[in-house]
Amino acid sequence: MSAAPADGQAAVRRSWPRRMLERALARPGRSSVLPLAAVVLGLTLAALGMFRGAPAPLVEVPPGYVALVNQKGVLESDLISQVENATMKRFDEATPEEKRRVLRSMIDEELLVQRALLLDLPETTIEVREAMQQGVEAQVAEPYWSLPPSDAELRAYYDKTRSDYTNDGTMIVHDLVMHVGGFQNANQSTPQALSDAADAVYRLRSGASVDYAKEHYGFVDSNRLPAVEELDFVVKMRLGDKLFEVASALGNGEISDPVVDVDGVHVLVMDIRRPASVADFSSVRDKVYQAYRREQGERATAENVRLLRSQAEIILAPGQEE
Amino acid sequence: MLAVAGGIAYAHEVRHQQWRDRLLSTLPNDVPDDPALVAFARAEAAPLFAQHCAACHGADMRGQPALGAPSLADNVWLYGDGGVYEIERTILYGIRTGNSKSRSVTDMPAFGQRGVLSDADIRNVVQYVLKVSGRRYQVEAANEGRRIYTGNANCGDCHAGDARGDTYYGAPNLTANVWNSGGEPDDLYKAIYFGQHRTMQAWFPTLSLFQIRALAVYLYAVSREPAAAVASRGTP
């Protein structure tokens, strides 16, 4: 009894989207239907976007995280890392109790960090500010350190900063003094002392000993310096600027001219003098290298700050300068 | 038609999200046990690699010695055991990024530039490295190089006494004959003379956790392919 379907039946079997499309195309006003639908759809989507509320808080921990602490995720990867560091075992070998303990400490840490932000520690606590500053500096410096200097650059840097590699000089010097006035030598006048000292200097330069000068002219040790080799800055501190200037100009075995100071007339006898000198490049290569790297870091920080300044809005109060 | 297309797209997105959740819910080192998950991760990660990683590591993943970017197509790793978890840590926090979670225990000192080793010392150590990496070397120089390696240069502190390296420090295995900055004698000389301080950026949160996991799985899978497969793969 089956027969070929009539044309009408074939039409009935067409799918509904096709029928709708055909109907739309058959209508005289078809050119405006689709654009109108698109406009309505677009406006609906825009309205939905405008009036949609803030994203709902997460109530489940997203995959890849092990906890949410006030909506802040604790990474599973960090938990694995910390469990392995804390237990010195592979993560899958750690006991559930060990994992729990580490997770608890991570959550505690996160709570404290969140509290610190709430208390605005970066604004109020110097140590936190310094740590943040150092953290940023470390981040910007690392890429610079990946570019080692050439030998020529290192050498040029040494030449530029040569004074940083100066060895402090040393000396063993006798400081003899002929006191003038006061309880030590009340009757001695300065001109008389200078005259005696000049004579003593002549003798000393002719080969007389320090003891001879003490015995025959009344010189005594000033006791400002011990009779050992001292660094220049120590000598300067103890002798004072005036006498140090005289002493530092003396060579080995030289005797100074008489020098008038507050307590009398001094004569300096230089036993050993090792003047300050600049260390040669090869002996301080490592120091130069380290200093260069430090400067690279500082340069990176300076550039970073320059960039940040160029992007920042900084307004100074009237009368303030920087 | 729009509704159908939208429905299909929505179903696809839901299905995709399920795969993403599955990838992240699985412990990193367990992912390779699930071939379907690995296949999904590879498909997701290949374009990410091309976009973010190929500039340094090369489109063929064979690295760029000029940049010191290692080949990722072999199963030789600077950091960690080469498992998904360790690869993921490196991608997450980078190498020498300045933050404390990055790989930055130490770096290769500039032995020549700092004046620790002389020119002759370095040349001898180079011969020793050629020896342990299974290449032609000068016997006497290599013997002297070994003395320096274990002596005042303390190379073994990081590269280990047997020169097999230490992935905790990121000190390469010198016996593997795999070189990040070139393995010719001149390259080795420069590495010892100037040291190495290579960096890699931290990709978290530039990339999502899912993208990083997918990349880690991808690199893990590629590193275990037979060499012939890697060679024929070309651009990922």
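The values are calculated or read from the model by the stated rules, or taken from the named source; none is laboratory data. Keep in mind that this is a model prediction, so the values were computed, not measured. Methodologically, a virtual Cβ is constructed for each residue, glycine included, from the backbone with ideal geometry; neighbour enumeration extends over all protein chains shown.
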- Per the list (1) at negative phi; (2) more than 14 Å from every other protein chain (Cβ to nearest Cβ); (3) not in a helix (DSSP H, G or I), residue check on B:Gln113 breaks on (2)
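Being more than 11 Å from every other protein chain (Cβ to nearest Cβ), in a helix (DSSP H, G or I) and either surrounded by 17 or more Cβ atoms within 10 Å (Cβ to Cβ) or in contact (Cβ under 8 Å) with a residue 24 or more places away in the chain (or both) is the requirement here; does A:Val83 meet it? Break it down stepwise before answering.
On the way: more than 11 Å from every other protein chain (Cβ to nearest Cβ): yes; in a helix (DSSP H, G or I): yes; either surrounded by 17 or more Cβ atoms within 10 Å (Cβ to Cβ) or in contact (Cβ under 8 Å) with a residue 24 or more places away in the chain (or both): yes.
For A:Val83, the condition - more than 11 Å from every other protein chain (Cβ to nearest Cβ), in a helix (DSSP H, G or I) and either surrounded by 17 or more Cβ atoms within 10 Å (Cβ to Cβ) or in contact (Cβ under 8 Å) with a residue 24 or more places away in the chain (or both) - is met.
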- Task: Run B:Tyr193 past the list (1) outside any helix (DSSP H, G or I); (2) at pLDDT 95 or above and report the number of the one that doesn't hold.
- Result: (1)
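Could you pull out the residue among A:Val102, A:Val128 that is farther than 21 Å from B:Ala202 by Cβ and touching a Leu at 6+ places or on another chain (Cβ under 6 Å)?
Values: A:Val102 fails: touching a Leu at 6+ places or on another chain (Cβ under 6 Å).
Within the list A:Val102, A:Val128, the selection yields A:Val128.
Can you name every residue in region B:197-210 that is more than 8 Å from chain A (Cβ to nearest Cβ) and within 19 Å of the chain's Cα centre (by Cα)?
If we filter region B:197-210 for residues that are more than 8 Å from chain A (Cβ to nearest Cβ), which is where we start, we get B:200-208.
Correct list: B:Met200, B:Gln201, B:Ala202, B:Trp203, B:Phe204, B:Leu207.
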- Identify the residue in region B:135-170 that is among the hydrophobic types (A, V, I, L, M, F, W, C) and surrounded by 15 or more Cβ atoms within 10 Å (Cβ to Cβ) and, among all such residues, is modelled with the lowest pLDDT. B:Ala153
- Per the list (1) surrounded by fewer than 10 Cβ atoms within 10 Å (Cβ to Cβ); (2) modelled with pLDDT of 60 or more; (3) not assigned by TED's automatic domain parsing to the domain that holds A:Leu103, residue check on A:Ala47 breaks on (1)
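Among the helices (runs of 4 or more DSSP H) contained in region A:209-322, which hold 1 or more residues that are on the phi > 0 side of the Ramachandran plot, within 14 Å of another protein chain (Cβ to nearest Cβ) and hydrophobic (A, V, I, L, M, F, W, C)? Step through it out loud before you land on a result.
Values: elements: A:210-217, A:232-239, A:241-248, A:285-311.
Counting at least 1 such residues, we get no helices (runs of 4 or more DSSP H) at all.
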- Task: Kindly indicate which of A:Ala141, A:Ala152, A:Ala116, A:Ala198 is aliphatic (A, V, I, L, M) and loosely packed, with under 12 Cβ neighbours inside 10 Å.
- Result: A:Ala152
- What is the one condition in (1) within 14 Å of another protein chain (Cβ to nearest Cβ); (2) β-branched (Val, Ile, Thr); (3) out of contact with any strand residue (DSSP E or B) (no Cβ under 9 Å at 6 or more places or on another chain) that B:Ile95 does not satisfy? (3)
- Message: Kindly evaluate A:Asp280 against the criterion of being modelled with pLDDT of 90 or more, surrounded by 14 or more Cβ atoms within 10 Å (Cβ to Cβ) and out of contact with any strand residue (DSSP E or B) (no Cβ under 8 Å at 6 or more places or on another chain).
- Response: no
- Task: Hand me the list of helices (runs of 4 or more DSSP H) wholly inside region B:1-99 holding 1 or more residues that are aromatic (Phe, Trp, Tyr) and surrounded by 15 or more Cβ atoms within 10 Å (Cβ to Cβ).
- Result: B:2-25, B:35-48, B:84-93
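Being surrounded by 15 or more Cβ atoms within 10 Å (Cβ to Cβ), more than 23 Å from the chain's Cα centre (by Cα) and either within 12 Å of another protein chain (Cβ to nearest Cβ) or in contact (Cβ under 8 Å) with a residue 12 or more places away in the chain (or both): is that true of A:Glu110 here?
Values: surrounded by 15 or more Cβ atoms within 10 Å (Cβ to Cβ): yes; more than 23 Å from the chain's Cα centre (by Cα): yes; either within 12 Å of another protein chain (Cβ to nearest Cβ) or in contact (Cβ under 8 Å) with a residue 12 or more places away in the chain (or both): yes.
Answer is yes for this residue.
Considering only residues that are of a type in the set (Asp, Glu) and within 14 Å of chain B (Cβ to nearest Cβ), look in region A:140-175 and name the one that is nearest to B:Ala191 (Cα to Cα). Steps first, please.
Going residue by residue through region A:140-175, those that are of a type in the set (Asp, Glu) are A:142, A:151, A:153, A:159, A:164, A:168, A:175.
Still in the running and within 14 Å of chain B (Cβ to nearest Cβ): A:142, A:151, A:153.
Details: A:Glu142: 18, A:Asp151: 14, A:Glu153: 18 Å.
So, considering only residues that are of a type in the set (Asp, Glu) and within 14 Å of chain B (Cβ to nearest Cβ), the one nearest to B:Ala191 (Cα to Cα) is A:Asp151.
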